[in-house]
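What follows is a set of notes on a single structure, which appears directly below.
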Amino acid sequence: MKRFVTVTIAAVFAAVALPAVVSTQADKIEAGKKVYAAQKCATCHSIAGAGSKMAPLDGVGSKHTAAEIKAWITDPDPLTAKLATKPKVKMKKYTLPDADLDALIAYMSSLKK
């Protein structure tokens, strides 16, 4: 009986907590789309064919970790130095509020192939 109660409580907790986590992540991704637009990232980047073809971001979430995406946004010079072929246009460093940066990283991380 004790095991049944424990399993039941765990199931109820998962049913209540999991949608909140998913909703929060979905909200963060939506906020990241707004940051992407507000920062005019499409001037140099494209997603699903929209924006500049110079540096497409399709699949970036499959290629890089969240930490790597953050590094590309906040301090791209060391990562650019490691590239075999350097981009024609240098990416600038962005200093964003933590909430905006986290949202943009969540959005970029969601772009998987």
Inset, instruction - Just subtract the alpha-carbon distance of residue 54 and residue 89 from 0.36 nm times their residue separation and send over the number in nm, one decimal. - result: 11.7 nm
Inset, instruction - Provide 108, 54, 91 in ascending order of the number of other Cβ atoms located within 10 Å of each residue's Cβ, fewest first. - result: 54, 91, 108
Legend entry - Sequence of 62, 109, 46, 52 once ranked by neighbouring C-beta atoms within 10 Å, starting from the fewest: 62, 52, 46, 109
Inset, instruction - Please order 83, 57, 104 by the number of other Cβ within 10 Å, starting at the fewest. - result: 83, 57, 104
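Just so you know, all these numbers are worked out from the coordinates, no wet-lab data involved. Bear in mind the structure is a predicted one, so any value in this text is a computation, not a measurement. Reconstructed Cβ throughout: ideal geometry from the backbone, glycine too, with neighbour counts over all protein chains shown.
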